[in-house]
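The values are calculated or read from the model by the stated rules, or taken from the named source; none is laboratory data. Everything numeric here is computed off the predicted structure, so don't read it as measured data. Neighbour counts run over all protein chains shown; Cβ positions are idealised from the backbone, glycine included. Heavy atoms of the whole protein, side chains included, go into the accessibility calculation; ligands, DNA and RNA do not. Shrake-Rupley method; radii C 1.70, N 1.55, O 1.52, S 1.80 Å.
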Amino acid sequence: MIKINNYWYSYNEVKEALEKKGYYIVTLEVSSEKRDYPKYETYALKDGKEPSPLNTMQSVALKEFHKKPALV
């Protein structure tokens, strides 16, 4: 679940919305040790960019769909 604009959205809802905006959703294993349980991180990539902490699916969704309130 991802919280955007004080509403909770499921992983699939966010994934579908980002895909409609032209992002490719990629899930990679990011485990550091062979003995650990596998850790997975999901990235939203566009224009041939490489996976990084700045383009995780949650951070991209917040940038794309977060709307600021209008100034008075």
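Near LYS39, within a Cβ-to-Cβ distance under 12 Å, what is the net charge of the other residues, with Lys and Arg +1 and Asp and Glu -1?
Numbers: positive: none; negative: GLU29, GLU33, ASP36, GLU41.
So the environment of LYS39 carries a net charge of -4.
Tell me the relative contact order for the chain as a rounded percent, counting alpha carbon contacts under 8 Å between residues six or more apart.
Values: 75 pairs, mean separation 18.7, N = 72.
Dividing the mean separation by the residue count of the chain yields 26 percent.
Could you give the Stokes-Einstein D for the chain in µm² per second, using the C-alpha Kirkwood radius, 37 °C, 0.692 mPa s?
Numbers: Rh = 13.5 Å.
Calculated translational D: 243 µm²/s.
For the chain, what is the mean residue ellipticity at 222 nm derived from helices alone (per DSSP H run of n ≥ 4: -39500 (n - 2.57); sum divided by total residues; nearest 500 deg cm²/dmol)?
Values: 2 runs with 19 residues, N = 72.
Rounded to the nearest 500, the figure is -7500 deg cm²/dmol.
Provide the per residue accessible area, probe 1.4 Å, for the chain, rounded to a whole number of square angstrom.
On the way: 6190 Å² over 72 residues.
Heavy-atom SASA per residue in the chain reads 86 Å².
What do you reckon, how do MET57, MET1 stack up by accessible area (1.4 Å probe), largest on top? Display every interim value, and only then the final one.
On the way: MET57 5, MET1 145 Å².
I get MET1, MET57, largest accessible area first.
Given a 1.4 angstrom probe, I'd like the percentage of the accessible area of the chain that is carbon and sulfur, rounded to a whole number. Could you put the intermediate results ahead of the total?
Values: 3250 of 6190 Å².
Summing carbon and sulfur atoms, their accessible area is 53 percent of the total for the chain.
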